[in-house]
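Let me begin by presenting the structure, written as structure tokens, before commenting on it.
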Amino acid sequence: MNEFNEYLSDEELNKLIDEIEQEGETVAPYSIEETVLSYVDKKREKKTTKISYYVYCMKVSVSIAAAILMMVLLPYFKNNGTSLPSKKDVMEQEASISKEELLSREVISSREEALNKRTEKDRIEEMKLIIHSKIEEISE
């Protein structure tokens, strides 16, 4: 074998052939098949790991590019009628009175006022019941 390459010279190859013809074929070690297959599997796993990593990097790159593209292009398409109302628009809408409220001419009470009226009505009804029960007791 030459020190510059890993191949056998013609003389060494002929010598090896003669030795094999005289001695017969040598048997490979028992575990060589498992060793070779495990080595090949490791190489394949590394290759698939690298490929899956590159696929992941490509997906991330494409999603970043899409996000940047949306950030650049979205302001041009903002006025398509689906924009959110401004704070001023919302405040004006809340301050305006609906047609039903205007036409009914009833005083619309707030939630607290309605709750207080209910409690006052309940108190009046309780007082009426108490008064009627006292009148019935006196009359008996």
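The values are calculated or read from the model by the stated rules, or taken from the named source; none is laboratory data. The structure presented is a predicted model; accordingly, all values stated were derived computationally and were not measured. Cβ placement follows ideal geometry from the backbone for every residue including glycine, while neighbour counts extend to all protein chains displayed. These accessible areas exclude ligands, DNA and RNA; they are computed on the full protein's heavy atoms, side chains included. Shrake-Rupley method; radii C 1.70, N 1.55, O 1.52, S 1.80 Å.
So how exposed is Met127, as accessible area in Å² (1.4 Å probe, rounded to 10)?
About 110 Å², ignoring ligands and nucleic acids.
Applying 1/(1 + (r/R0)^6) with R0 = 35 Å to the Cβ-Cβ distance of Met70 and Lys47, what FRET efficiency is obtained, to the nearest 0.05?
0.50
May I ask you to compute the full-extension gain from Val55 to Glu11, defined as 0.36 nm times their residue separation minus their alpha-carbon distance, rounded to one decimal in nm?
Full-extension gain reported as 10.8 nm.
Roughly how many nanometres apart are two label points built 7 Å out from the Cα toward the Cβ at Lys88 and His132?
A separation of 5.9 nm, rounded to one decimal place.
What ranking of Glu23, Glu33, Glu125 comes out by heavy-atom accessible area, probe 1.4 Å, highest first?
My answer, sorted largest first, is Glu23, Glu33, Glu125.
Could you state how much accessible area Glu34 has, in square angstrom rounded to the nearest 10, with a 1.4 Å probe and all protein chains kept in place?
120 Å²
For the range 22-71, what % of the accessible area comes from carbon and sulfur atoms, probe 1.4 Å?
Of the solvent-accessible surface of the range 22-71, carbon and sulfur hold 66 percent.
Within the range 1-74, which chymotrypsin sites (Phe, Trp or Tyr not before Pro) sit in a loop by DSSP and count at most 14 neighbouring Cβ atoms inside 10 Å?
Answer in residue order: Phe4, Tyr7, Tyr30.
What figure in square angstrom, to the nearest 10, would you give for the accessible area of Thr35 with a 1.4 Å probe?
Probe radius 1.4 Å; accessible area of Thr35 about 80 Å².
Compare Leu74, Leu13, Leu84 by solvent-accessible area with a 1.4 Å probe and give them largest first, with all protein chains kept in place.
Of Leu74, Leu13, Leu84, the descending order of accessible area is Leu84, Leu74, Leu13.
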